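Q: A single structure is presented below for examination.
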Number of protein chains: 2
Amino acid sequence: MLVTLVDIQVKGEFVKKFIEATRDNYKKSVREPGNLRFDFLQDEADPCHFFLYEAYESEEAAANHKNTDHYRLWKERVEEYMKNPRKGTKTRVIEPVELHNWK
Amino acid sequence: MLVTLVDIQVKGEFVKKFIEATRDNYKKSVREPGNLRFDFLQDEADPCHFFLYEAYESEEAAANHKNTDHYRLWKERVEEYMKNPRKGTKTRVIEPVELHNWK
C-alpha cells in the first residue's frame, strides 16, 4: 500500500472550476482497480488550498492511475487553474498495516 | 466530516521510538467514537518525515480526541522526538461527501 499526498494551490477565480474538474477525476479514480481512497480536501484556513489523498494497493496500481484518460483530462483542465505546480509526496503506510482496514 | 493533516519532522535518532509511540496512539484513536480514519504515513524520500491523516465525523469528535488519555500520552512522549513543532492543517471534506464511503 502507498499513499500520495498532493498539495495544490489554486487561483481564486478558478476555485469553482477546479472543484468541478477534481470531482470528475475523483468519481473515476475511486473505480480504478487497486484504488483504496481518493479523498479531496479543502484547507479550512485557505479556500484556494486543496489536498488529494490518493491511496493504492500497489506501486503498479498507483502508476496506472497516471495512464488513465480521466487523469490526463484532469491534468489538462487544471493546468490553467493552479497558482503554481502541485506538489506530490509519496509515502509508505505504517498504519493501518492490514489491507482490509483500507476497504 | 473533517480531516486534520499533521506534518511531523522527527530527529533521526528517535525515528523508531516515534513510530512506536504513534502506533500506540493509532490503535486507540481508531476506536474513538466518530473516528473515521487515523492513517500513519512515512515520506518515501525522507524517513524522518511523517504524516497523520485524522478523519472524524464531526468537529466535536475531532475535539474530543485531544481530551483522550492516549492523545495526551502521545503528545508528551513525542515532544522530545520531534525536530520542530508539528504542523496541523484542518480541512473540510469535498469528496467523498457521503459518510458510508468513509466506513
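The values are calculated or read from the model by the stated rules, or taken from the named source; none is laboratory data. Computed from a prediction, not measured in an experiment: that's the story for all the values here. Virtual Cβ from ideal backbone geometry, glycine too; neighbours counted across all protein chains shown.
Q: Output the residues belonging to region A:79-103 that are modelled with pLDDT of 95 or more and touching a Leu at 6+ places or on another chain (Cβ under 9 Å).
A: Residues of region A:79-103 that are modelled with pLDDT of 95 or more, as a first pass: A:79-96.
Result: A:ARG86, A:LYS87, A:GLY88, A:THR89, A:LYS90, A:THR91, A:ARG92, A:VAL93, A:ILE94, A:GLU95.
Q: Kindly indicate which of A:VAL15, A:VAL10, A:VAL6 is more than 10 Å from chain B (Cβ to nearest Cβ) and buried (at least 19 other Cβ atoms within 10 Å of the Cβ).
A: Going through A:VAL15, A:VAL10, A:VAL6 in turn, the sole match is A:VAL10.
Q: Could you list, in sequence order, all residues of region B:50-61 that are surrounded by 15 or more Cβ atoms within 10 Å (Cβ to Cβ) and within 12 Å of chain A (Cβ to nearest Cβ)? If you could, list the steps in order and put the result at the bottom.
A: Our first condition is that a residue be surrounded by 15 or more Cβ atoms within 10 Å (Cβ to Cβ); within region B:50-61, this holds for B:50-57, B:61.
Answer for region B:50-61, where residues must be surrounded by 15 or more Cβ atoms within 10 Å (Cβ to Cβ) and within 12 Å of chain A (Cβ to nearest Cβ): B:PHE50, B:PHE51, B:LEU52, B:TYR53, B:GLU54, B:ALA55.
Q: From the list B:ASN35, B:ASN64, exactly one residue is crowded, with 16+ Cβ neighbours inside 10 Å, over 10 Å from the mean Cα position of the chain (by Cα) and more than 13 Å from chain A (Cβ to nearest Cβ). Which is it?
A: Sole residue among the options that is crowded, with 16+ Cβ neighbours inside 10 Å, over 10 Å from the mean Cα position of the chain (by Cα) and more than 13 Å from chain A (Cβ to nearest Cβ): B:ASN64.
Q: Oh, and also: Which ones in region A:89-103 are surrounded by 16 or more Cβ atoms within 10 Å (Cβ to Cβ) and more than 8 Å from chain B (Cβ to nearest Cβ)?
A: A:TRP102 - this is the single residue of region A:89-103 that is surrounded by 16 or more Cβ atoms within 10 Å (Cβ to Cβ) and more than 8 Å from chain B (Cβ to nearest Cβ).
Q: Additional query: Scan region A:71-78 and give yes if some residue there is among the aromatic types (Phe, Trp, Tyr), closer than 23 Å to B:PHE50 by Cα, outside any loop (DSSP other than H, G, I, E, B) and at pLDDT 95 or above, otherwise no.
A: no
Q: Criterion first (closer than 25 Å to B:PHE40 by Cβ and in contact with a Leu (Cβ under 6 Å, 6 or more places away or on another chain)) does A:VAL30 satisfy it?
A: So A:VAL30 fails the test.
Q: From (1) facing chain A (nearest Cβ under 10 Å); (2) closer than 18 Å to A:GLU44 by Cα, pick out the condition that doesn't hold for B:PRO47.
A: (2)
Q: In region A:61-78, is there at least one residue being touching a Leu at 6+ places or on another chain (Cβ under 7 Å) and under 29 Å from B:ARG23 (Cβ atoms)?
A: Yes; the residues of region A:61-78 include at least one that is touching a Leu at 6+ places or on another chain (Cβ under 7 Å) and under 29 Å from B:ARG23 (Cβ atoms).
Q: Could you grab me the full set of residues in region B:20-31 that are buried (at least 18 other Cβ atoms within 10 Å of the Cβ) and without any contact (Cβ under 8 Å) to a residue 40 or more places away in the chain?
A: Result: B:TYR26, single match.
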